[in-house]
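Visitor: Dropping the structure in here first, questions after.
Every number in this text was worked out from the coordinates using simple rules, so none of it is lab data. Everything numeric here is computed off the predicted structure, so don't read it as measured data. Cβ atoms come from the backbone with ideal geometry, glycine included; neighbour counts cover every protein chain shown.
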Number of protein chains: 2
Amino acid sequence: MPKRVDHEERRRRVAEALWRIASTRGLESASLRDVAAEAGMSLGQLQHYFTGKDELLVFALGHINELATQRVRERILALHTGPGEPPPRDVLRETAKVMLPLDDESRSGILVQVAYFARAVVDERMLAHAQEGLPLLLDFFSGQIRRAVERGEVAAHRDPRTEAMLLMALTDGLANHALMGGWSAEEALRLIDVHLERLFTV
Amino acid sequence: MPKRVDHEERRRRVAEALWRIASTRGLESASLRDVAAEAGMSLGQLQHYFTGKDELLVFALGHINELATQRVRERILALHTGPGEPPPRDVLRETAKVMLPLDDESRSGILVQVAYFARAVVDERMLAHAQEGLPLLLDFFSGQIRRAVERGEVAAHRDPRTEAMLLMALTDGLANHALMGGWSAEEALRLIDVHLERLFTV
């Protein structure tokens, strides 16, 4: 199905053009015409793939979440070369690292998410889409902490869901302060390590 | 100086009109004309007080930070009726509460800050202003934790600055998730209590 592939490839190209604009100027200032120009196509061509800005925003958000998930998977595979499951602590740390602006790729991704976040809190429709990935991430963190308890690496009295919420919120907050220049992304990672060290104490 | 007072009062009225727009529709969509209409004045009258949108944004940000600081002070005074200094743990908890969307006033304030945050990360000039309050809050948190160490309420090996950064980032992250509907503001406060309980363990 070469036609279909081309169609998806073009939709992704438009999404990436939107992210470039979102991460340099913010989402609000991006008109469909600007996005089309950034993607190197005409407004008419873009409208063949997306009928309006909302549809484009939703697609681009889904796509960026997929890419982040894929990046986490790749990193976990890269750090885990031995047999058996990768250690939960390493998995949590690698996932948190993707959520910090430690490199240009992560930084752009987080800037796009900030732009979505600012829109979602004042836009019901966008909120519903922006919320989609959060329970999945929370379940993923909870699951890893539950495994760590089973492996005897986290104290049995710790509630995996509470710990997952604490780690997720802390990581997001640290990432935001790093973006604002309150401290560096490396300092944010140091603080996550302080938190993980306390969590992984039995 | 009745003239001067009137001038300041009008500038604040404009700032509050901007916040109402920012917390319902976002900052980007607010034109000076919209803000003037919301404040019940003409565009010409508004331009007597603010020559452009940037000047208005900076004034409004300074004003909202002042109000938040004042709210924290009032709450600390309200909870502390006895002699001597108020207990650091109570001070930290009350400050964190102001940073959570527990009531309409806090919620609006946080929505405005989110709107500023989204703009600051893509706008150098706004970033400089948005950063101003952060070192002060960090110093305030560090100072309270240092006092708690001196009072024997926090273990001596804890670094006050590291703990202040962790608490500040956690509170911001929890507030953002509460805004997004990931969990309630009350649940966010419960998680702050879990964190404080661990911090205040010697």
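Visitor: Over all directions, average the projected area of the Cα convex hull of the protein assembly as shown and note it in nm².
Guide: On the way: hull surface 96.3 nm².
Across all orientations, the protein assembly as shown yields a mean hull projection of 24.1 nm².
Visitor: Neighbouring Cβ atoms within 10 Å as the yardstick, rank B:ASP6, B:ASP123 fewest first.
Guide: B:ASP6, B:ASP123
Visitor: If Lys and Arg each add +1 and Asp and Glu each add -1, what is the summed charge of the other residues whose beta carbon sits under 13 Å from the beta carbon of B:THR95?
Guide: Numbers: positive: B:ARG71, B:ARG73, B:ARG75, B:ARG89, B:ARG93, B:LYS97; negative: B:GLU74, B:ASP90, B:GLU94, B:ASP139, B:ASP172.
Within the 13 Å Cβ shell, the charges total +1.
Visitor: Something else: Test of understanding: ordering B:ILE21, B:ILE76 by Cβ neighbours within 10 Å, fewest first, what list do you get?
Guide: Working: B:ILE21 21, B:ILE76 14.
So the residues, fewest neighbours to most, are B:ILE76, B:ILE21.
Visitor: At 7 angstrom along the Cα-to-beta-carbon line, where would the label on B:ALA78 sit relative to the other copies? Give the distances in nm, shortest first.
Guide: Label-point separations across copies, in nm and ascending: 5.0.
Visitor: Over all residues in A:185-198, what is the mean tally of Cβ atoms on other chains that come within 10 Å of each residue's Cβ? Intermediate results must be reported in sequence, preceding the final value.
Guide: Working: counts 0, 0, 2, 2, 0, 2, 6, 2, 0, 5, 4, 0, 0, 2.
Per-residue shielding by partner chains comes out at 2.
Visitor: Test of the criteria: in segment A:106-202, which chymotrypsin sites (Phe, Trp or Tyr not before Pro) are in a DSSP loop and have at most 10 other Cβ atoms within 10 angstrom of their Cβ? Write out the running numbers ahead of the final one.
Guide: Numbers: sites: A:TYR116, A:PHE117, A:PHE140, A:PHE141, A:TRP183, A:PHE200; in loops: A:TRP183, A:PHE200.
When the chymotrypsin sites (Phe, Trp or Tyr not before Pro) of segment A:106-202 are filtered for loop state and at most 10 Cβ neighbours within 10 Å, nothing remains.
Visitor: Quick one: order B:LEU79, B:LEU189 by neighbouring beta-carbon count within 10 Å, fewest to most.
Guide: Numbers: B:LEU79 13, B:LEU189 18.
By the 10 Å Cβ count, ascending: B:LEU79, B:LEU189.
Visitor: How big is the Kirkwood radius of chain B, worked out from every pair of different alpha carbons and given in Å to one decimal?
Guide: Working: mean 1/r = 0.0542 Å⁻¹.
Computed over Cα pairs of chain B, the Kirkwood hydrodynamic radius comes out at 18.4 Å.
Visitor: Rounding to the nearest 20 debye, state how big the charge dipole of the protein assembly as shown is about its Cα centre with +1 on each Lys and Arg Cβ and -1 on each Asp and Glu Cβ. Each step should come with its number before you reach the end.
Guide: Numbers: 52 positive and 60 negative charges, 58 e Å.
Once rounded to the nearest 20, the dipole reads 280 debye.
Visitor: So what's the net charge close to B:MET168: Lys and Arg +1, Asp and Glu -1, counting the other residues with Cβ under 12 Å from its Cβ?
Guide: Values: positive: B:ARG161; negative: B:ASP139, B:GLU163, B:ASP172.
Its environment carries a net charge of -2.
Visitor: Applying the Karplus parametrisation 6.51 cos²θ - 1.76 cosθ + 1.60 with θ = phi - 60° to the phi angles of segment B:55-65, what ³J(HN,Hα) value in whole Hz is obtained for each residue in order, glycine and proline being reported as x?
Guide: 4, 5, 4, 5, 4, 5, 5, x, 5, 5, 5
Visitor: Moving on to the next point. Shielding by partners for B:27-33, please: the mean number of other protein chain Cβ atoms within 10 Å of each residue's Cβ. Before the final figure, lay out the partial values.
Guide: Numbers: counts 4, 9, 2, 1, 0, 0, 0.
Per residue, the number of nearby Cβ atoms from other chains is 2 on average.
Visitor: Follow-up question, since we're still on this one. Please work out the Cα center distance from segment B:122-175 to segment B:39-95, rounded to the nearest Å.
Guide: 18
Visitor: How large is the dipole of segment A:1-60 about the Cα centre if only Lys and Arg carry +1 and Asp and Glu carry -1, each at its Cβ, rounded to the nearest 20 debye?
Guide: On the way: 10 positive and 9 negative charges, 28 e Å.
The calculated dipole for segment A:1-60 is roughly 140 debye.
Visitor: Toward the positive end of the charge dipole of chain A, about the Cα centre and with charges on Cβ (Lys, Arg +1; Asp, Glu -1), which of A:GLY173, A:ILE110, A:HIS157 goes farthest?
Guide: Result: A:ILE110.
Visitor: Per residue of A:157-163, count partner chain C-beta atoms within 10 Å of its C-beta, then hand back the mean as an integer. Spell out each step's value before the answer.
Guide: On the way: counts 0, 0, 1, 0, 0, 4, 2.
The shielding value for this peptide is 1.
Visitor: Highest mean first, what order results for B:82-90, B:28-36 on Cβ atoms within 10 Å?
Guide: Working: B:82-90: 12.9, B:28-36: 17.1.
Result, highest mean Cβ count within 10 Å first: B:28-36, B:82-90.
Visitor: Just the Cα atoms of segment B:97-202: what Rg and Dmax do they give in Å?
Guide: So, for segment B:97-202, Rg and Dmax equal 15.1, 44 Å respectively.
Visitor: Mind ordering A:152-164, B:103-115 by average Cβ neighbours within 10 Å, highest first?
Guide: Numbers: A:152-164: 15.2, B:103-115: 19.5.
Highest to lowest by the protection proxy: B:103-115, A:152-164.
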